[in-house]
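Asks: This is the structure I want to talk about, given as structure tokens.
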Amino acid sequence: MEIIMNRKDAVALDRKDSFAKKRKLFSLPKGMIYLDGNSLGVLPKAAGPRVRHAVEVEWRRDLITSWNKNGWWNLPRKVGDKIAKVIGAAPGSVIVADTISVNLFKVLSAAVAKRHERKIILSDSGNFPSDLYVAQGLTQFMNDGHRLKVVAPEHVMEAIKDEVGVVMITDVDYRSARRHDMKAITARAHQKGCLVIWDLAHSAGRSRSPWRWSAIVGSSRTGAGRTPAWSSAANLRPRSGPPGRSGADRPAPGRPRRAK
Ligand SMILES: Cc1ncc(COP(=O)(O)O)c(C=O)c1O
């Protein structure tokens, strides 16, 4: 890897950067270098007028007619299709809704229901804390012997065994940027009959490989800042659903039950 040692080299590289022209699409306080892309990104210049239009025209003036007139009802799919291009998913397979945690709860509940006889949800200690809390919370809520097993990130592959129902992993470590081998983990999990949920927060643009996961959640935290979360659960749909399902899928043998 080439290491830039001085400002002159960095400026020369900046000049060649084909992405540099995107800079003018964002509104930053003068002289500020802002590197936070996850918690709150930089304001895109187009966002202010668009939000004002949504509030002043679509909400204040058009009121309830906006669901049809301004296409509100279809926005989760419309924006989902835009995000699908960035993450390499098929059109019609991504929905924008809620937060990552809420989406994770939904897809994890569905996945656990589909593998109900297998009691282990496998994850790793590098995962984002709230993802682990969601899984813990779900097992407590179900109160039927399901448990979350957490291993070190480098031991995920060997921990994927027959008793694991769902493998729930975040691709990119938010602290170190360490990445998992998604393809290898997904292949091994499918070989063992598990469903796989990938949290792709921080992964947008990293790869467009058309591998098949069971479900993904994430939000697009690019330079444009944090957008609403999205999820895609192509492989968790019923048998009659559109393509994207893994051949290992079976009809749900049971549903998550409430704690007694
Ligand atoms: C990898 C990852 N997963 C999950 C979350 C939680 O996201 P949310 O607050 O949308 O539930 C975050 C938040 O930064 C994250 O970085």
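Every number in this text was worked out from the coordinates using simple rules, so none of it is lab data. Predicted model only: the values in this text are computed from it and were never measured. Quick reminder, even Gly has a Cβ in these numbers, built from the backbone with ideal geometry, and neighbours come from all protein chains shown.
Asks: Once phi is turned into ³J(HN,Hα) by the Karplus curve 6.51 cos²θ - 1.76 cosθ + 1.60 with θ = phi - 60°, what whole-Hz value does each residue of region 81-90 show in order, with x for glycine and proline?
Replies: Each residue of region 81-90 in turn: 5, 5, 5, 3, 5, 6, 9, x, 9, 6 Hz.
Asks: Using modelled backbone amide H atoms (1.01 Å from N, in-plane), which distant-in-sequence or interchain residues come within less than 5 Å of LYS149's amide H?
Replies: HN-HN under 5 Å from LYS149: ILE121, LEU122, SER123.
Asks: Going by average Cβ neighbours within 10 Å, how do the peptides 145-152, 86-93 rank, with the highest at the top?
Replies: Final packing ranking: 86-93, 145-152.
Asks: Which aspartates and glutamates does LYS161 reach when only Cα atoms under 16 Å apart count, and residues fewer than 8 places away in its own chain are ignored?
Replies: Candidates past the 8-residue exclusion: GLU117, ASP124.
Asks: Rounded to whole Hz and in sequence order, give me ³J(HN,Hα) for region 124-132 from the Karplus expression 6.51 cos²θ - 1.76 cosθ + 1.60, θ = phi - 60°, writing x for Gly and Pro.
Replies: For region 124-132, the Karplus curve yields 10, 6, x, 5, 5, x, 5, 5, 5 Hz.
Asks: Anything over 24 Å Cα to Cα? Flag those among LYS85/LYS183; LYS85/LYS192; LYS22/LYS82; LYS45/LYS85, in the order listed.
Replies: Correct reply: LYS85/LYS192.
Asks: Continuing with the same structure: Could you run the Karplus curve 6.51 cos²θ - 1.76 cosθ + 1.60 with θ = phi - 60° over region 169-182 and give me ³J(HN,Hα) per residue in whole Hz, x for Gly and Pro?
Replies: Those phi angles translate into 10, 9, 4, 9, 5, 5, 8, 10, 6, 4, 10, 8, 7, 4 Hz.
Asks: Could you compute the FRET efficiency for LYS30 and LYS183, with r as their C-beta to C-beta distance and R0 at 41 Å, rounded to 0.05?
Replies: Step by step, r from the Cβ atoms, then E = 0.40.
Asks: With only alpha-carbon atoms in the gyration tensor, what are the semi-axes of the equivalent ellipsoid for region 47-119, in Å, largest first?
Replies: Equivalent-ellipsoid dimensions as semi-axes: 33, 15, 11 Å.
Asks: Please sort 26-36, 62-72, 194-204 by packing, taking for each peptide the average over its residues of neighbouring beta carbons within 10 angstrom, highest first.
Replies: With the highest mean Cβ count within 10 Å placed first, the list reads 194-204, 62-72, 26-36.
Asks: Same structure again: Determine the distance separating the Cα centre of region 69-108 from the Cα centre of region 126-178; give it in Å without decimals.
Replies: What the calculation gives is 23 Å, centre to centre.
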